[in-house]
Amino acid sequence: MKCQYCGFDTGLPFRCPFCGGIFYVEHRLPETHMCPSFRKDLRVFRGLGETTGPSLTRRVTPWLFSGFGRRIFNVARSPVIFHVCLAAVIVALVGLSTAVATLGFLNPFLISLLVLIFVISFTLHEIGHKFTAKHYGLWAEFRLSFLGVLVTLISIFTPLIKVVSPGSVVIYGWADRRIMGRISLSGPLINIVLSLIFLTLTLFNFGGILLGIAYIWGFAINAYIALFNLIPLSILDGAKIFQWNRHVWAIMFTIALIFIAAYVLLY
């Protein structure tokens, strides 16, 4: 599609939430394509500020239309927030169904803790991809995918197989095989580290029985997320890591496999 501001052909178009136009990544923000609807919204906000009294206007309006205020306003209206929040809700539902199927309604506090660990493990995996891509100067944002959401929603009701992949971090910019391999490695690596942390907490038994169950859950869930994403299929992280460095892939896959085997044998 062509950017409606500069005419550049883009394979990753963005729709402006204010005017509804389609734009190239560099012109996706309202201020970069001189969005007329965004300016109109700002005039409405200014009008509201003027009717609330001079003292409130002096306090609120300078902050709202300062550089920091505009960034917060743009982030709040950004589709990224919708994608991330919806993905977190879907992942939480999968975590809830898994926790209930494993433990039943044994303890509401424990169930909530397990769901929280599930969501945090998924979120940190995606954050690892995003910040590694940003480290290499690439644009990166999380996006839902229709097929991923559908498969993840089905996983809520399946008793054994859980596929948690409502979306992924979309990367834009030039990157060679080495950079893509490292970006892909960051997600499973974070899950391996989290597994080690939860395993250490389990061995030292910090916090009693309930927290001990949560630690075991965190150890297993992160090992599962790492192992699943390290499968060398084209849509998963493992394929890009395998193409970049087979030795690194083999080490990571073996560690994740050992963690899963340890969980199955010991618990």
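Since every read-out is calculated from the coordinates, none of them should be taken as a lab result. Here the structure is a predicted model, which means the values were calculated and not measured. Neighbour counts run over all protein chains shown; Cβ positions are idealised from the backbone, glycine included.
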**OP:** Give a residue-ordered list of calculated ³J(HN,Hα) values for the stretch 89-98 (Karplus: 6.51 cos²θ - 1.76 cosθ + 1.60, θ = phi - 60°; whole Hz; x for Gly, Pro).
**Re:** 5, 5, 5, 4, 5, 5, x, 5, 5, 5
**OP:** Take peptides 197-207, 176-186 and line them up by average Cβ neighbours within 10 Å, highest first, as a rough protection proxy.
**Re:** 176-186, 197-207
Subject >> Distant-in-sequence amide H partners of residue 5 (H built 1.01 Å from N, under 5 Å) >> reply: 24
Subject >> Karplus-derived HN-Hα couplings along the stretch 187-197 (A = 6.51, B = -1.76, C = 1.60, θ = phi - 60°), whole Hz, x at Gly and Pro >> reply: x, x, 5, 4, 5, 5, 5, 5, 4, 5, 5
**OP:** Once you have all Cα-Cα distances for the stretch 79-266, histogram them in 5 Å bins from zero and send the whole-percent values.
**Re:** 1, 8, 16, 20, 21, 16, 10, 5, 2, 0, 0
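Taking the mean number of other Cβ atoms within 10 Å as a proxy for protection, how do you rank 231-240, 1-10, 87-96 from highest to lowest? Could the numbers behind the result be given before it?
Details: 231-240: 16.8, 1-10: 14.1, 87-96: 19.7.
The peptides rank, most packed first, as 87-96, 231-240, 1-10.
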Subject >> 3J(HN,Hα) from dihedral phi, the stretch 248-255, Karplus parametrisation 6.51/-1.76/1.60, rounded to Hz, x for glycine, proline >> reply: 4, 4, 5, 5, 5, 5, 5, 4
Subject >> Built amide H within the under 5 Å cut-off of residue 170, gap 5+ >> reply: 141, 142, 143
